[in-house]
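Here is the structure we will look at.
The values are calculated or read from the model by the stated rules, or taken from the named source; none is laboratory data. Fair warning: this is a prediction, and the values are worked out from it, not measured in the lab. Methodologically, a virtual Cβ is constructed for each residue, glycine included, from the backbone with ideal geometry; neighbour enumeration extends over all protein chains shown. Accessible surface areas use protein heavy atoms only, side chains included; no ligands, DNA or RNA. Shrake-Rupley method; radii C 1.70, N 1.55, O 1.52, S 1.80 Å.
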Amino acid sequence: MKHGLFLFVALLITASSSALADQSIQFERFSIPDAGRIVLALQGSELTGAAADVNARTQGALAAAVKEAKFKGKKDKKLTLYGIAPYDRIDLIGVGDEPVDRNTAEDFGGTTAGVLKSVKGGSVQILWNPGEATDEASAARVAFGFRLGSYKFDRYKEKKDKEQGEPATIRILSDDGSAPVFNNDLDYLAKGVYFARDMPSEPGNVIYPESFVARAKALLDGVDVKISVLDEKDLQRLNMEAHYGVGKGSARPPRLLIVEYMGGGDEAPIVLAGKGITFDTGGISLKQNKGMWAMKGDLGGAAVVIGTIYAAAAREEKVNLVALAALAENMPSDRANRPGDVQRTMSGKTIEILSTDAEGRLVLSDAVHYAQVNYEPSVLIDVATLTGAVGRALGDDYAGVFGRHQALIDELMQVSRTANEGLWQLPLEDHHFEQLKSDYADVKNSDTGDPGASTGAAFIGSFVKEEQVWAHLDIASVDKLDKGRPTMPKGFSGWGVRTLDEYLRR
Ligand code: BES
Ligand code: MN
Ligand code: ZN
């Protein structure tokens, strides 16, 4: 027992050390370096601006090498050159021909991180003065993209990258006053995204409802938020049978984590509710084994809402925000939900469970009701890895957005583009609600036909008052990427933090 307790404490301690790469990123005055390792942005195949000045220092050798390599400076393309005197290494990263906007700057930073992954020790200087940058502090966007692009999850590898040498110090040479924008704002946002990647990457034996709460508390330590936690007894006392029921088959009891950040005076808060299934076996409606390991990431929505509130609170955004993480482990056992079971939710509405694998909507039905009665939100947004169907519809380019309030949906789609993510609207119509009519209760948790993403949205929507401004984000299409992007390495993406963060800034 003593030993077990020690192990548990040790796990919590290692768990609280953030996986944020502590690679140092510094901002310095722009100048053309005389030597060392440098990174250049190339707008098309012509060497203009800084690239022209560097080329002059190399006596034209750079231009000759670029020509020989047929490098055209296309967006996110890269070329590494060694030993072009007086430099040890020159990395060229294409930024395309268009004026350099914020997404291009971030992608440039992310691609640079990928290219420099194996560069250890000393420093690398990134020259950043693109002729036509459209964003004010675009060097901060480069740094942000670099952070996001250098994410890795190697906590459980015996031989970590770090042990092969300290990462190089990154020095961004630019005169656009980006240092405070990065240090007091975007670096926090990167940390929020890291949390939203770490939690789903962690295995289910490490992250369960209580340990998720501990990790969220560690993240939020030192920022001005109020944290409360409802345990399994509280959930039962509040008649949150739907949420409690999903977790009751597991030895790890469910939790509702509530984080309040009140930086916006007395305006009604925005409430974000995240699905936090720490592992989804399907329950008695057991999933097949193929790919089941990825269900350790079924807490993606919860991790996104916590990462978002962290970033807003850390930079002291003037907004009132509440994040709810509906946490449970969906396990089969003698105490688990059965198909056909009927439960009473906090709202009083009853649910017939047709599939114990449609569990995300169950925990969220109580969470969105809790949000409405306790906070009267100006806007309610739920975020969930809810259905496999959304990925079949949208691939991994977009998350799905659903709702009854078109203005909110339009705004979310727009900010998702600005934030370098992507949202696409899918239908939510009366007949999706009709499909949920149950013979034995008020609603059933899944349709008998093909399980669709719209039915899932309608289920959650049937616990949201019609006049409540609400949107449902189904992130199951984008939460895990098989192929990386510049600012999203392969694996769990943390998708949604950047979009929600951008939304809060409006
Ligand atoms: N967590 C899954 C959805 C999911 C699938 C997320 C693949 C990420 C990748 C969810 O709980 C689920 O099992 N959904 C079912 C719903 C059905 C039983 C109505 C689905 O999509 O098949
Ligand atoms: Mn499921
Ligand atoms: Zn699930």
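Pairs are defined by a Cβ separation below 8 Å, a sequence spacing of at least 6 or placement on different chains, a first member in segment 410-432 that is under 17 Å from residue 308 (Cα atoms), and a second member that is at pLDDT below 95; the pairs so defined are 415/506; 422/397. Take residue 107 and decide whether it is touching a residue at least 40 places away in the same chain (Cβ under 8 Å) and crowded, with 16+ Cβ neighbours inside 10 Å. So residue 107 passes the test. Mind listing whichever residues of segment 240-273 are surrounded by 15 or more Cβ atoms within 10 Å (Cβ to Cβ), part of a loop (DSSP other than H, G, I, E, B) and touching a strand residue (DSSP E or B) at 6+ places or on another chain (Cβ under 6 Å)? If the condition is that a residue be surrounded by 15 or more Cβ atoms within 10 Å (Cβ to Cβ), part of a loop (DSSP other than H, G, I, E, B) and touching a strand residue (DSSP E or B) at 6+ places or on another chain (Cβ under 6 Å), then 250, 252, 254, 264, 269 are the ones that fit. Taken over segment 110-136, the criterion of being open to solvent by less than 10 Å² (accessible area, probe 1.4 Å) and more than 17 Å from residue 420 (Cβ to Cβ) is satisfied by 124, 126, 127, 128.
Pull up segment 472-496, narrow it to residues that are among the hydroxyl-bearing types (Ser, Thr, Tyr) and within 13 Å of ligand 1 (Cβ to nearest atom), then point me to the one that is nearest to residue 111 (Cα to Cα). Quick ask: steps written out before the conclusion?
Here is the first cut: in segment 472-496, the ones among the hydroxyl-bearing types (Ser, Thr, Tyr) are 477, 487, 493.
Then keep just the ones that are within 13 Å of ligand 1 (Cβ to nearest atom); that gives 477, 493.
Numbers: 477: 23, 493: 16 Å.
Within segment 472-496, the match that is nearest to residue 111 (Cα to Cα) is 493.
Here the strands (runs of 3 or more DSSP E) wholly within segment 59-130 that include at least 1 residues being polar (S, T, N, Q) are 78-82, 123-127. Residues that are among the charged types (D, E, K, R) and away from ligand 2 (no atom under 15 Å from the Cβ) within segment 339-367 comprise 341, 344, 349, 352, 366, listed in sequence order.
Among residues that are within 14 Å of ligand 3 (Cβ to nearest atom), touching a residue at least 12 places away in the same chain (Cβ under 8 Å) and either outside any loop (DSSP other than H, G, I, E, B) or outside the structural domain of residue 330 (by TED's automatic domain parsing) (or both), residue 283 is not included.
Residue under question is residue 435, and the condition is that it be free of Cβ contacts under 8 Å to residues at least 60 places away in the same chain, crowded, with 17+ Cβ neighbours inside 10 Å, over 15 Å from residue 360 (Cβ atoms) and assigned by TED's automatic domain parsing to the domain that holds residue 390; does it hold? When the stated conditions are applied, residue 435 passes them. Is there a residue in segment 137-148 that is small (Gly, Ala, Ser), more than 14 Å from residue 173 (Cα to Cα) and open to solvent by less than 10 Å² (accessible area, probe 1.4 Å)? Checked segment 137-148: at least one residue is small (Gly, Ala, Ser), more than 14 Å from residue 173 (Cα to Cα) and open to solvent by less than 10 Å² (accessible area, probe 1.4 Å).
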